[in-house]
Ligand code: HEC
Ligand code: HEC
Ligand code: HEC
Ligand code: HEC
Ligand code: HEC
Ligand code: HEC
Ligand code: HEC
Ligand code: HEC
């Protein structure tokens, strides 16, 4: 008896998809690395939604207008601002003021480039045939080689990924929409995998920074193992040189002990040497770790900046001038 009721219930659900409600991205149980958007799908009979993000609930969003449905179909896309770590999104669907469906997604926002992916969450994946089939009615999901070369809004990636290039400092080839130079349009089962995740890719256009030269005898740890993306976003960022974080925050993420107030002046009486917050006499802008250290490599084991090898010559870069 209970079995038959269950069966009827399932049948009832499947013949009544009008109140279909789904949090497409970020999907429940996945982890994501960007905070560009929230994508909800709501069936044709739903005329309003509320979104609750991090405990804050929106007003009722009206999605019933014909021109809205004609342009966006069942999709509602908003720009969120995820917290680092676990997030919860709740969506309620209304019809004529009555609650008709609700959905919740718990997912993980991985904004720390150095940390390993969270074990309890799967990576969200967009570019599989099944996922892409849901977008093909309105977006070009099968671009030709020629279309992939187009620059600006005509590029087939632009209709969805334009937000990636909004930050102030945009990486050359990303800014020129040469996404397919680095992302393999033929990779499978997930399309657009980067052709490489290490410095092999970068070295196609930049000098090999791990190579010993007259200026470089010592190579910085992360550069030596080819992990440029621990420090740089290959697309865009609000920090100079597309750094993932402001310089000192980036360096101290791995060298926490440097911030103990004794750096540079160790053993010397007096105030701690400033590491930030004052102008750098040797270059434009504020003093930071890179006033004294080259982030990639150098002649000294301490990777002193400007190709310097001795401590004294480093001090003279800014003092006694
Ligand atoms: C019924 C048509 C339709 C379908 C189907 C559709 N979209 Fe869109 N989408 C649009 C329109 C229209 C825009 C606005 C385009 C523009 O401004 O150039 C858009 C824009 C977007 C944006 C950019 C939003 C922003 O504000 O930056 C993303 C991301 C997106 N769609 C993702 C998807 C995904 C993922 C799918 C499939 C799961 C999908 N869309 C399916 C119509 C659709
Ligand atoms: C219909 C909208 C849409 C179009 C068109 C689109 N993408 Fe995506 N893509 C997404 C969404 C949504 C995600 C998941 C969120 C994110 O990572 O930004 C995504 C994720 C990705 C990822 C991460 C891996 C994955 O599969 O989740 C890569 C790489 C990527 N897109 C590259 C591209 C490139 C290159 C193009 C153009 C050839 C392109 N995308 C066109 C919507 C789109
Ligand atoms: C210079 C090479 C390069 C170019 C150009 C490039 N990407 Fe990427 N992209 C990468 C690499 C490498 C990764 C993997 C990052 C990592 O592992 O930290 C990546 C990751 C991504 C992701 C996954 C989310 C993330 O940020 O980690 C998306 C989405 C994406 N790229 C979309 C695009 C789009 C859209 C374009 C064109 C505007 C583009 N990429 C241009 C190299 C590139
Ligand atoms: C297809 C060629 C190409 C590839 C591949 C490439 N770059 Fe670039 N990169 C450029 C160009 C072009 C510029 C802009 C140069 C300029 O404006 O002086 C640039 C600039 C940069 C800058 C900023 C320089 C500055 O002065 O602000 C950084 C950082 C950078 N790239 C890192 C990387 C990393 C990391 C990779 C690998 C993930 C990579 N690039 C792969 C072509 C490339
Ligand atoms: C430990 C963090 C870190 C790693 C790893 C790293 N970079 Fe950088 N990179 C920086 C910082 C910080 C700057 C800004 C330097 C400055 O302002 O003097 C920079 C600047 C740059 C620049 C522009 C200025 C210049 O020095 O030419 C390029 C290009 C660049 N990096 C490419 C790369 C490539 C390619 C890799 C991998 C081989 C890489 N970086 C690895 C931190 C890093
Ligand atoms: C992703 C982690 C990571 C980041 C970010 C990072 N470093 Fe390093 N750094 C290392 C590793 C690993 C070593 C090698 C340590 C060793 O060999 O003992 C190292 C070594 C060094 C050394 C040489 C230390 C010695 O004992 O010889 C200096 C100086 C240094 N880093 C400065 C910086 C500066 C400046 C930045 C920011 C631009 C930075 N690091 C960012 C991981 C990091
Ligand atoms: C004013 C110059 C100066 C600045 C700014 C500076 N350093 Fe150093 N750093 C040095 C000198 C000099 C040494 C060599 C060891 C010594 O003489 O104390 C050194 C050594 C290091 C070492 C290796 C030895 C040790 O002490 O553990 C690391 C790692 C390091 N610095 C990281 C950083 C980071 C991260 C920053 C930014 C938060 C930074 N430094 C800012 C001058 C500087
Ligand atoms: C990249 C530039 C730079 C380098 C290299 C540098 N300093 Fe400094 N130093 C500064 C700045 C900026 C100040 C702060 C000056 C001010 O506040 O007027 C400072 C202040 C000092 C002070 C005074 C601290 C106080 O307020 O009592 C001492 C001592 C000092 N530095 C020693 C050194 C020594 C020793 C070295 C070499 C190991 C060195 N500095 C390398 C930029 C630098």
Scaled by the rule-of-thumb 2.2 N^0.38 Å, the alpha carbon Rg for the chain gives a ratio of 1.30
In degrees, nearest 10, range 0 to 90: what is the angle between the Cα axis of helix 2-15 and the longest Cα principal axis of the chain? 80
Viscosity 0.890 mPa s, temperature 25 °C: what is the translational diffusion coefficient of the range 176-274 from Stokes-Einstein with a Kirkwood Rh over Cα pairs, rounded to a whole number of µm²/s? 149
Take every DSSP beta bridge with both residues inside the range 17-124 and express the antiparallel ones as a percent of the total, to the nearest 5. 90
Rg to Rh quotient for the range 18-124, alpha carbon positions, Kirkwood Rh: 1.01
Selected from 295, 272, 240 as most flexible by GNM, with the chain as the system and alpha-carbon contacts under 10 Å: 272
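Values quoted throughout were computed directly from the atomic coordinates according to the rules given, and no laboratory measurement underlies them. Since the structure is predicted, the reported quantities are computational estimates derived from the model, not experimental observations.
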